[in-house]
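A.B. asks: Here's a structure for you.
Any read-out appearing in this document is the output of simple, stated calculations on the displayed coordinates, not a laboratory observation. None of the values given here were measured: they were computed from a predicted structure. Counting neighbours? That spans all protein chains shown, and the Cβs are built from the backbone with ideal geometry, glycine included.
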C-alpha cells in the first residue's frame, strides 16, 4: 500500500466518522488507535512510519490536531480540516483529488497537445524545406552557388 493510499484510507475513515456519522472531534479516534485499526493488515508498518504518515497529514494541511504538543498529537483525536471535507465530498478520494490538482497544473497548450490524435495528418509536422516545391529549391541552390562564386571572385580581385 502506497503512502497516498494510506492517506486516502485515513481521510475516508475520518470523513465517514466526522461527516456521515456527524461525530464531534472529541468523539473521533486518536491517531495511534486509528492507524492501528486501519493498517492491521500491514504488520510490518513501524511506529516510525506512523509518525512519518502523521507528519505528512499535518504538513499537507489535511487534518487538525487537537493537542498541545507534538508528543500528544500521536495520542489525541484528529479531525479533517473543513476544506478537506469540502473537496472530499466532491471527489470521494484523495487519489482522485491529486489527479485533479495535477491536471489543473498542466498548461492549456500541453492539454491540447495531449488531446490531439497523433496519427492524424493534421498534426503531422513538416519543415519549411519540405513544403517548398522542387523548382524553388533548385532556384535557391543556384542562387546560393552564384552568391558564393561572386564573393570568391570579388575577393580575388583585391
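A.B. asks: Does anyone have the angle between helix 94-105 and the longest principal axis of the chain? Alpha-carbon axes, 0 to 90°, nearest 10?
C.D. replies: Approximately 30 degrees, to the nearest ten.
A.B. asks: When only Cα pairs under 8 Å and 6 or more residues apart are kept, what is the percent relative contact order across the chain? Kindly include the intermediate steps, with their values, before the conclusion.
C.D. replies: Details: 97 pairs, mean separation 35.6, N = 158.
This gives 23 percent for the chain.
A.B. asks: Which order results if 36, 13 are arranged by neighbouring Cβ count within 10 Å, fewest first?
C.D. replies: Arranged by neighbour count, lowest to highest, 36, 13 become 36, 13.
A.B. asks: Then there's this: Report Rg (one decimal) and Dmax (nearest whole number) for the chain, counting Cα atoms only, units Å.
C.D. replies: Spelled out, the Cα radius of gyration and Dmax of the chain are 31.6, 100 Å.
A.B. asks: Here's something else I'd like to know. Calculate the FRET efficiency for residue 19 and residue 44 from the Cβ-Cβ distance with a Förster distance of 41 Å, rounded to the nearest 0.05.
C.D. replies: Using R0 = 41 Å, I get an efficiency of 0.80.
A.B. asks: Give me the number: length gained by fully extending residue 134 to residue 75, i.e. 0.36 nm times residue separation minus the C-alpha to C-alpha distance, one decimal in nm.
C.D. replies: Roughly 13.3 nm would be gained on extension.
A.B. asks: Let me make sure I get this right: for the range 1-69, a, b and c are the square roots of the gyration tensor eigenvalues over alpha carbons, sorted descending. Under 1.5 in a/c it's rounded, otherwise prolate if a/b > b/c, else oblate. Which is it?
C.D. replies: Since a/c reaches 1.5 and a/b is larger than b/c, the shape of the range 1-69 is classed as prolate.
A.B. asks: Calculate the spin-label point distance for residue 67 paired with residue 142, positioning each point 7 Å from the Cα along the beta-carbon direction, and give it in nanometres.
C.D. replies: 8.6 nm
A.B. asks: Using Cβ contacts closer than 10 Å as the measure, can you line up 9, 137, 20 from fewest to most?
C.D. replies: Ordered by Cβ neighbours within 10 Å, fewest first: 20, 137, 9.
A.B. asks: Shifting gears a bit: With n ≥ 4 as the cut-off for DSSP H runs, can you work out [θ] at 222 nm for the chain, using -39500 (n - 2.57) per run divided by the number of residues, rounded to the nearest 500?
C.D. replies: -18000 deg cm²/dmol
A.B. asks: Arranged by the count of other C-beta atoms within 10 angstrom, fewest first, what order do 101, 34 take? Could the numbers behind the result be given before it?
C.D. replies: Numbers: 101 10, 34 19.
Ranked by crowding around the Cβ, least crowded first: 101, 34.
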